[in-house]
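Scroll down for the structure; my scribbles are underneath it.
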Amino acid sequence: VRADVTVTMHGPKVGLAVAPGRFLAGEVAVADIGLEPAETEHRLVAREILAEVPRRSPRDNKYTAGHVLVVGGSRGLTGAPALAARAALRADVGYVTIAAPAESLPVLETLVLEAVKRPLDEVFEAAAKAKALAVGPGLGREEEARALVRRLLAEVELPAVVDADALFELEAGEWPAPRVLTPHEGELARLLGRESKEVAAHRLASVQEAADRYGCVVVLKGEDSLVAAPGRGVLVCALGLPSLSTAGTGDVLTGITAAFLAKGMEPQRAAAAACAAQQLASHEASQRYGLVASDVIEALPRALARD
């Protein structure tokens, strides 16, 4: 049924906020039937979550304000780590390093002026000085890249966002630090050994299953981005515009999430706040039509402003 109006009793239901239900419900009206408010398993994310993002204090310097290491950028794919790095900077970290293959570094020098660039063979040395990792944007899926991902996630004791190519053939393991996986429906389907259409029809159950199986926070991206953690309810973030469905916005989300992890936020709250920041930036961008990922990055400071 494609409803024009849905009347729901007592309070909004999760099925009205999560696809496919959110696309079928039409206008939602809540009918008060006299019940008292109660805690719920799943929760909607509101703008107020951004108040939890740590702000720089007068005592901070560029290192203590957060240092993100972005790992990726194989030949022909340098735009992805550049977007993640720029998003992390606009999300208010003080320092960003990009570790990429040597042949990609000259291109990255022109794309992101503010970030430090290191060759990929120095990634573990760079990680020793960082506060959070963003692994996968434009990294490629060759065996050498997959081996690097396995080592980084198994050995580096920093919170990490795992996105894009780093999700390819990812295996569950005992992580030494928090991990946040950020798949879209197709990537989550591969992680679970399912068909994409099955994940699309059961988004809530699928993201929770992935969080439990991989033992970490999982963000299922979409107009209703779902943020699951093992053994907890799902945080549902649906604040953005359809214009966010464009290439590169996943890399932007990776950079924002890494920034909030580098600032010391708890992983599920960091991921949910990053979803909110990106989605609210779609409203702050100067254009609603023809929006590109760089527009979202430039709008981030306005979305995060508190005064």
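Ignoring ligands, DNA and RNA, please state the percent of accessible area on region 23-159 from carbon and sulfur, probe 1.4 Å.
Looking at region 23-159 in its full context, I get 52 percent from C and S.
Using the heavy atoms of the protein chains alone and a 1.4 angstrom probe, what is the accessible area of the chain per residue in square angstrom? Could you put the intermediate results ahead of the total?
Details: 14280 Å² over 307 residues.
Ligands and nucleic acids excluded, the result is 47 Å² per residue.
Under 15 Å from the Cα of Lys263, which aspartates and glutamates turn up, not counting those fewer than eight places away in the same chain?
Result set, ordered by chain and number: Glu52, Asp60, Asp92.
Quick test of your reading: applying the under-4.7 Å Cβ rule, which cysteines of the chain are isolated?
Cys216
Counting only chymotrypsin sites (Phe, Trp or Tyr not before Pro) that sit in a DSSP loop (anything but H, G, I, E, B) with at most 14 other Cβ atoms within 10 Å, what is the longest stretch of the chain containing none of them?
Excluding the exposed sites themselves, the longest stretch runs over 64-288.
Of all DSSP beta bridges in the chain, what percent run antiparallel (nearest 5)?
Beta bridges within the chain, antiparallel portion: roughly 20 percent.
Hey, what did region 28-183 get for relative contact order, percent, Cα under 8 Å, at least 6 apart?
20
By the scheme Lys and Arg +1, Asp and Glu -1, what is the net charge of all other residues having a beta-carbon under 11 Å from that of Val161?
Residues close to Val161 contribute a combined charge of -1.
Checking the a/c ratio against 1.5 first, then a/b against b/c, what shape does the Cα gyration tensor give for region 103-162?
Oblate.
Taking Cα centroids, how far is region 1-41 from region 209-288 in Å?
First find each Cα centre; the distance between them is then 23 Å.
With the full set of protein chains in place, find how many percent of the accessible area of region 215-293 is carbon and sulfur; take the probe as 1.4 Å.
Reported share for carbon and sulfur atoms: 51 percent.
Between Val236, Val116, Val199, where does the largest GNM mean-square fluctuation fall for the chain, given springs only between Cα atoms within less than 10 Å?
Val116
Using amide H atoms built in the peptide plane, which far-off residues or other-chain residues are under 5 Å from Val70 H to H?
Close amide H contacts, sequence-distant or interchain: Thr97, Ile98, Ala99, Ala134.
Which of Leu35, Leu241, Leu113 moves the most in a Gaussian network model of the chain with Cα springs under 10 Å?
Between Leu35, Leu241, Leu113, it is Leu35 that shows the largest mean-square fluctuation.
For region 239-299, run through the trypsin sites (Lys or Arg not before Pro) and keep only the ones in DSSP coil with at most 14 other Cβ atoms within 10 Å of their Cβ.
The qualifying sites are Arg288.
Tell me the relative contact order for the chain as a rounded percent, counting alpha carbon contacts under 8 Å between residues six or more apart.
Values: 659 pairs, mean separation 59.5, N = 307.
Relative contact order here is 19 percent.
The values are calculated or read from the model by the stated rules, or taken from the named source; none is laboratory data. Everything numeric in this text was worked out from a predicted model, so none of it was measured. Here the Cβ is made from the backbone with ideal geometry for all residues, glycine too, and neighbour counts use every protein chain on show. Heads up: the accessible areas ignore ligands, DNA and RNA and are worked out on the full protein's heavy atoms, side chains in. Shrake-Rupley method; radii C 1.70, N 1.55, O 1.52, S 1.80 Å.
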